[in-house]
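Please read the structure below before turning to the comments.
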Amino acid sequence: MPNIKEKLYEKIVENRDRVSKLVKQHGNVKISDVTVAQAIGGARGVKCLVTDISYLDPEEGIRFRGYTIPETLEKLPKVPGSDMPYVEGHMYLLLTGEIPTEEEALELADIFKERQQVPQYVCDILRAMPRDTHPMTMFSVAIASMQRESEFVKAYQKGLSKYDYWDSTYEDGINLLAKLTGIGAYIYRMKYRGDVIISPDKDLDMGGNFAHMMGIPNPYDDVARLYFILHSDHESGNVSAHTGHLVASALSDMYYAISSMINGLAGPLHGLANEQVLRWIQGVMDQMGEKVPSDEEMKKFVWDTLNSGQVVPGFGHAVLRKTDPRYMSQREFCLKYLPDDPIFKYVDSLFRVVPPILEEHGHAKNPWPNVDAQSGVIQWYYGVKEYEFYTVLFGIGRALGVISNIIWDRALGYPIERPKSVTIAMLEEMVKG
Ligand code: HAX
């Protein structure tokens, strides 16, 4: 058994005990009440999910296994000659809760390399789709098409004890994760780079290999590493993570669950916001020509969007009540590597202009920028100008967290999800008293 799996199993045994004690001894303790507004309003703030992979504090932002973003980037082993850590090391942290040594990160990197080959039938399916199909649709279909490979399904059909679900779920998760960068790069090169496909390089780590398969020189390898780590997890209540958890709770396998996760991420209020931000900026650029608008001119564009009943993409959040630290990490990257980039100037101007406008507008509970306001500009700068593709990058990163969560859901025996619904008439009756 590879080291990471042994380590994972140790942790599973410990945590099964903790969960079982909580349910047996304190199962009736209340942790949340639900109001009418919450029942109608998307269960905002209702505490009814459990995950140890990450925690999102409204003021502080995300912590991965207890570590803030700067701590995560500082503590994880770095790729030699690079400013950024191994994505594989981050996956080790998410799965086991421990910062890996360089050796442990490299061991996982080797496991991914052994399993990275994208099956030819996946490429054939992608090729059979109309070339103008959205890349997120292609990504979702490619993942679902590999469902036939599921180790969990094979084991389940033979008759599998529920205590062993985690094992083949882990294998499915690692098999799938190993292929996601290759599938993403394949879609990109097929659609936007004259169909010239670049094969993986066995000597490179996940971030380096992705940059190589995209055909983009360094430091795009560090961009990829930073991007995948930052987007990996954001608690389990966001649409993509929750969808993955929900679908997997029916014992649908990892391929079904991650394909569904991608479909949830493809909405403009969630992951597709990174595409929408660049689309919005392009709309302004079309009107301004070469000139970057002054802050006063930018205010008008923002008000025009709000007055036409649309949201300003990249701003606001269901949980956060301050600027997203994922935005700040990427902003630091931009200030270091591309301070004079014209699109960064747009993003910077929006950072100054939008929050006071959203406060004045009085609707959004959080006027500050989220991760999606800042991520596209970096991709654009390094030549990935096809903004339709940006959410695929988000999806590769998010899979790290959702796969970790699903493995743990199975290990801890979380049951099929089934909240209760009521009718509007029942609510009217309940509020009468
Ligand atoms: N522009 C305009 N109005 C906004 C707004 C924005 N950026 N953010 C919120 N609002 C509005 C809401 O539409 C809502 O309007 P109504 O009262 O008229 O229905 C009101 O403010 C209250 O919303 P909220 O409670 O502050 O926010 P929600 O929890 O309902 O929604 C969203 C959170 C992220 C969906 C929301 O802020 C939004 O639509 N933002 C723009 C899209 C975006 O950037 N999405 C990406 C979010 C991060 C993420 O998930 N990345 O993947």
Using mean Cβ contacts within 10 Å as the protection proxy, how do 348-357, 241-250, 167-176 order, highest first? 167-176, 241-250, 348-357
Below 8 Å, C-alpha to C-alpha, sequence gap of six or more: please give me the relative contact order for the stretch 210-328 in percent. 15
Quick one: Cα centre-to-centre distance for the stretch 129-164 and the stretch 179-253, in angstrom? 16
Give me the distance between the Cα centres of the stretch 81-122 and the stretch 30-68, rounded to whole Å. 28
Please state the relative contact order of the chain as a whole percent: Cα pairs under 8 Å, 6+ residues apart? 21
Taking springs between alpha-carbon atoms closer than 10 angstrom, which of Ser260, Ser161, Ser232 fluctuates most in the Gaussian network model of the chain? Ser161
Please identify the trypsin sites (Lys or Arg not before Pro) of the stretch 155-248 that satisfy two criteria: DSSP loop assignment and at most 11 other Cβ atoms within 10 Å. Which are they? Lys202
Contact order relative to length of the stretch 73-141, as percent, for alpha carbon pairs under 8 angstrom and 6 or more apart: 21
Most fluctuating of Ile99, Ile40, Ile416 in the GNM of the chain (C-alpha, under 10 Å) is Ile40
Give a quick list of GluC sites (Glu not before Pro) in the stretch 229-335 that DSSP marks as loop, anything other than H, G, I, E or B, with at most 12 other Cβ atoms within 10 Å. Glu290
Are there GluC sites (Glu not before Pro) in the stretch 43-116 that DSSP marks as loop and that have at most 11 other Cβ atoms within 10 Å, and which are they? Glu59
Report, in whole Å, the centroid distance computed from the Cα atoms of the stretch 370-416 and the stretch 269-306. 24
For a quick check, take a GNM of the chain with Cα springs below 10 Å and name the residue from Val46, Val118, Val377 with the largest mean-square fluctuation. Val46
Rounded to 0.05, the calculated FRET efficiency for the beta carbons of Tyr192 and Ile125 at R₀ = 25 Å is 0.85
In vacuo Debye scattering of the chain, one point per C-alpha: log10 I(q)/I(0) at q = 0.07, 0.09 Å⁻¹? -0.35, -0.58
Selected from Leu176, Phe210, Val196, residue furthest toward positive end of dipole (the stretch 164-216; charges at beta carbon): Val196
Placing one identical point scatterer on every Cα of the stretch 282-433 and ignoring solvent, what is log10 I(q)/I(0) from the Debye formula at q = 0.13 Å⁻¹? -0.77
Rounded to whole Å and sorted largest first, what semi-axes of the equivalent ellipsoid does the C-alpha gyration tensor of the stretch 255-360 yield via the square root of 5 times each eigenvalue? 25, 17, 15
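No lab work stands behind these numbers, since they all come straight from the coordinates. These figures come from a predicted structure and were not determined experimentally. As a convention, Cβ positions derive from the backbone with ideal geometry for all residues, glycine included, and neighbour counts pool all protein chains shown.
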